[in-house]
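The values are calculated or read from the model by the stated rules, or taken from the named source; none is laboratory data. Every value quoted in this text rests on a predicted model; they were computed, and no experiment measured them. Cβ: placed from backbone, ideal geometry, glycine included. Neighbour counts: every protein chain shown.
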Amino acid sequence: MMSSSQQPHNLEYQKFLQMLLNNDQSRSQESGGFPYYIICAMHFLYFLDPKEQSKASMMTPKILQFYSGTYNPADRLILEIIYSLDASVNISSEMRIESYSFPQEQKKLYNFAVGHCEMSFSSKVFRNSIKTLSNKSGAYSYQKFETVMEYIAVIEKFTDSQEQDLVYDPLFVLPAIADMVSRKLVSVNSMVDSHCLSYVVICLGLNARVAGMARKILNSSISLIDESHYKEKDLTRTTLYSLYYATSDPTLIKNPRFSIILTIIANMIPILSNVGHFLFDRVLQYVTKSPTIDTSDIPLLRTLLPASEVDNYGKATNWMLNMLISSMKRCSDLTIYEDEFIFEIVQTIQSVSTSWDSTRALSSALLSHARLQHNLDKKPDA
């Protein structure tokens, strides 16, 4: 049925969609997600007559139960339904969120109780998003494919690939963060501890639409910090101010180093709230040395690679290697790494007899990741 481009005439699609939405097996998550073929069927049935389908009883909360807010291509199908529903019934007013929570593991995005709706974002997924989020992420659009079967093939390929690690979709998540900040349903320390604020920082380096939303959230977060009793609020506010004003400069945003800089600063934010962290002093020096973002240098690179003059030099070197792996998201980043002689330094670290085994392993991982990025860039788009 879905493989045909013809409109079915005798199908009671409204009842069929309700059967899928109400079926316990449909609503049970398998290995981190709902069965993709059920989501594809729901998308197909809903858009046979979206205006009529949106009138069905409890349609909005039932659909939201299937959504996890990620870049999974199956999630993108649910997001299209959500956008359509919002145009018809105004989801934001019908399903007003009363509270937000940040559990470690990914649970249901929406949790419904009588007269109450809570939205939960996983700190683990935020961390993974910071590592992998880039302008290449989530390049899935159902409209690009002629048939639903072609899109199903994309979902199957995604499910079998390394991409299947959950990454939050900023087109959905940033408006939710903006809501929790504007309504003061979240504390600054919760945003820092859950890596939610770091996620917003990463989004500053994405496309103009996403970066614009992230910048507005930064401004609102600064106001939230000013009104809070957050112990380390001065350092966090200084960092956010620098980013907010830096992103008003289009030349900085276009700087090829900006994405790398944002990834490292995003990972600095939790350190600023932990005076006992082994890198606290170094991060403090970086944040306070200048009110502007220096795009001529990669943050802490010369200090920590290798970290020969830093206490806990092994841990510090490993931290920097992890940052360089996370920051390498495009083939163009390889050119920057070459200009900074990063690959030569890493190869030297590998050959030093006093280097930790974990440091050598991370060095190998960085070089392997560089080869992967180079090979991916040479592949034609699917």
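Before moving on, here are some points about what is shown:
- Check on Pro8, surrounded by fewer than 17 Cβ atoms within 10 Å (Cβ to Cβ) and modelled with pLDDT of 80 or more: no
- Screening the candidates Thr251, Thr317 for the property of being surrounded by 21 or more Cβ atoms within 10 Å (Cβ to Cβ) and modelled with pLDDT under 95 yields one hit, Thr317.
- Tally, over region 343-382, of residues that are basic (Lys, Arg) and modelled with pLDDT under 85: 2
- Filter result for Ser161 (at pLDDT 70 or above and either in contact with a Pro (Cβ under 6 Å, 6 or more places away or on another chain) or polar (S, T, N, Q) (or both)): no
- Hey, Leu185 at pLDDT 85 or above, of a type outside the set (Ser, Thr, Tyr), more than 22 Å from Ser327 (Cβ to Cβ) and not assigned by TED's automatic domain parsing to the domain that holds Tyr230 or not: no
Rundown of residues vs (1) without any contact (Cβ under 8 Å) to a residue 12 or more places away in the chain; (2) surrounded by fewer than 17 Cβ atoms within 10 Å (Cβ to Cβ), yes/no style:
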| position | (1), (2) |
| --- | --- |
| Leu218 | no, no |
| Asp226 | yes, yes |
| Leu235 | no, no |
| Ser259 | no, no |
| Ile271 | no, no |
| Leu279 | no, no |
| Thr292 | no, yes |
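- Residues in region 341-372 that are over 22 Å from Phe258 (Cα atoms), of a type outside the set (S, T, N, Q) and part of a loop (DSSP other than H, G, I, E, B): Val352, Trp356.
- Any chance Lys124 is modelled with pLDDT of 85 or more, among the basic types (Lys, Arg) and either in a loop (DSSP other than H, G, I, E, B) or within 27 Å of Val192 (Cβ to Cβ) (or both): yes
- When restricted to residues that are surrounded by fewer than 19 Cβ atoms within 10 Å (Cβ to Cβ) and among the basic types (Lys, Arg), region 281-290 contains 1.
- Tally of residues being without any contact (Cβ under 8 Å) to a residue 24 or more places away in the chain, in contact with a helix residue (DSSP H, G or I) (Cβ under 6 Å, 6 or more places away or on another chain) and in a helix (DSSP H, G or I) across region 305-340: 1
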